[in-house]
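Report on one structure; see the data block that follows.
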Amino acid sequence: QVQLVESGGGLVQAGDSLTLSCAASRRTFSRSAEGWFRQTPGKERDFVAAISWRRGRDSYYAESVQGRFTVSEDNAKNTVYLRMNSLKPENTAVYYCAAVTGESDRYYPRSGRTSYDLWGQGTQVTVSS
């Protein structure tokens, strides 16, 4: 039906900034929320940030990235972005975007397993120091 494709990852130095993109394969893409998650080898996939249009527009952030990362969208391009400022070595991970495409009564922004049904393939972000 529709696919999500992450891009923008790469190798940067500590303190640098990077912007990730999550593009939908279709021009028309209906979803109530999109989230960003990250995963390192041997670890669970952790929540980073999310944006929801279920009730107006709400954004959510992990405490560790609050104030440094910003999630935004470009509806004309059907793309969601994750702007990452002041990157740290511990931010090194594979970053995934995900979408909630089905209708549901409850939404848990930080729970990828229970809330998001469509996932991208991931993009690598490496922060050196």
Legend entry - Heavy-atom accessible area order for Trp119, Trp36, largest first, 1.4 Å probe: Trp119, Trp36
Inset, instruction - Using a 10 angstrom cutoff on alpha carbons, build the Gaussian network for the chain and name the most mobile of Pro89, Pro41, Pro109. - result: Pro41
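The values are calculated or read from the model by the stated rules, or taken from the named source; none is laboratory data. Computed from a predicted model, the values in this text were never measured in an experiment. SASA here: full protein model, heavy atoms, side chains in, ligands and nucleic acids out. Shrake-Rupley method; radii C 1.70, N 1.55, O 1.52, S 1.80 Å.
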